[in-house]
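Contents: one structure, followed by commentary.
The values are calculated or read from the model by the stated rules, or taken from the named source; none is laboratory data. Keep in mind the model is a prediction, meaning the values are calculated, not measured. Because the Cβ atoms are built from the backbone with ideal geometry, glycine has one as well, and the counts that use them run over all protein chains shown. Quick note on the areas: whole protein, heavy atoms, side chains included, nothing else; ligands and nucleic acids left out. Shrake-Rupley method; radii C 1.70, N 1.55, O 1.52, S 1.80 Å.
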Amino acid sequence: MSWIALREPPSRYVRHEHDRPGLAGGGALVGAAADMPEPVPVIDLRRLLSCGAEGADEAAKLRSALQSWGLFLPLEKKQKCSNLVDGKRFQVEGYGNDQVKAQDQVLDWSDRLNLKVEPQDERNLAKWPRHPEHFRDVLLEYTLKSKKMKCTILRAMARLLELDDGYFLNTFSNKAPVTVRINHYLPCPRPDLVLGFKPHSDDGVLATLLVDSHLCALQVLRDGVWYNVPTKPHSMLINIGDFMEVMSNGIFKSTVHRVVADTAKERISLAMFYALDSEHEIKPAADLLLHDKQPAKYKEVKTMDYMAGFYEHFARGTRVIDSMKI
Ligand SMILES: O=C(O)CCC(=O)C(=O)O
Ligand SMILES: [Fe+2]
């Protein structure tokens, strides 16, 4: 996508009438947005790590954040890269728009750069931009910091479920992929007709999300209502992914979210996704199951099968996790 003066978005981007961001009502994944009845919970990771009453207070806040919104803010601070090989064959890594799986598929009003950052020996550096000059160093430094945050949060989440501290962390082998997605949303003359990012929940265990603080465009779905997520300078959002919903047997829900476009402002966001080894079997933690009283709510599935389903569902605007429910 590039800068051109348009009065109307091209038809490939125009969402079906029942599926536009400005409409009230609509189906489960559509409708107008409201302001959140309460702010997105802010979790102070330093307090979360401390012992005693302070740590317990912060853990209680984390529990409520996870169970109400499935997202929270921890305090803390072209061509060469194309995702089309030879201009034709789609691969997830690289720069561009969604994979087009059907002629009538509506495209998102955005471009994305997807890169695998870990395992290190699987980095495809040919897809990494050389400009700005420090892109690579900054991304790698960010990767380290984001990983620390992910570890702290996953330990705290295991504790909340009375599992071993390392329960979630131990599911990551040294082959577990960490990917980054940089989303670029351009202004749109008719934001009421398009979506910057269609409704979805993230694959993986969790994702850290850094968003432009000058434009509020991310929305989350709860009980059939879309809510605007207010921006907060110098903070990051944590999104619970589908794998966590399955592993926690539905106690922690993955967040369904979408991004709306704006008439005047462009926006950039950076999401880092923590997924699992392709051979890993994703399943509810055995210690959370009790025969008749608390049966498994999700079928066991190999990560690679989940991922294959994910892209199919994503293109259609549906959720693969719904097909895993028992
Ligand atoms: O741009 C955003 O705020 C959200 C991006 C997102 O949901 C994603 O990359 O999966
Ligand atoms: Fe997302």
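Charged side chains reduced to their Cβ positions (Lys and Arg at +1, Asp and Glu at -1) give the chain a dipole of some 600 debye around its Cα centre. Take the chain with all the other protein chains still there, run a 1.4 Å probe, and you get 49 Å² of accessible area per residue.
Placing +1 on each Lys and Arg Cβ and -1 on each Asp and Glu Cβ, with no other charges, gives segment 92-152 a dipole about its Cα centre of roughly 280 debye. If you take the Cα centroid of segment 148-167 and the Cα centroid of segment 266-326, the two points sit 19 Å apart.
Ordering HIS18, HIS214, HIS313 by accessible surface, largest first, gives HIS18, HIS214, HIS313; the 1.4 Å probe counts only protein heavy atoms, with every chain in place.
Within the accessible area of segment 86-316, what % is carbon and sulfur when the probe is 1.4 Å and the other protein chains stay in place? That share works out to 52 percent. Using a probe of 1.4 Å, the accessible surface attributed to SER11 totals some 100 Å² when neighbouring protein chains are kept in position.
Note on the chain: antiparallel DSSP beta bridges, both residues inside, total approximately 85 percent of the bridges counted. The heavy atoms of GLU54 offer some 90 square angstrom of accessible surface to a 1.4 angstrom probe. Principal axis analysis of the Cα atoms in the chain yields extents of 58, 47, 38 Å, listed in decreasing size.
Considering only CYS188, PRO284, ALA308, and ranking their Cα positions along the charge dipole of the chain that arises from unit charges at the beta-carbon of Lys, Arg, Asp and Glu, the one farthest toward the positive end is CYS188. Of the residues ASN239, GLY55, ASN124, the one whose Cα sits farthest towards the positive end of the charge dipole of the chain is ASN124 (charges of +1 on Lys and Arg Cβ, -1 on Asp and Glu Cβ, taken about the Cα centre). The heavy atoms of TYR311 offer some 80 square angstrom of accessible surface to a 1.4 angstrom probe. Close amide H contacts of THR179 (hydrogens built in the peptide plane, cut-off under 5 Å, sequence separation of 5 or more or a different chain): VAL117, PHE273, ALA275.
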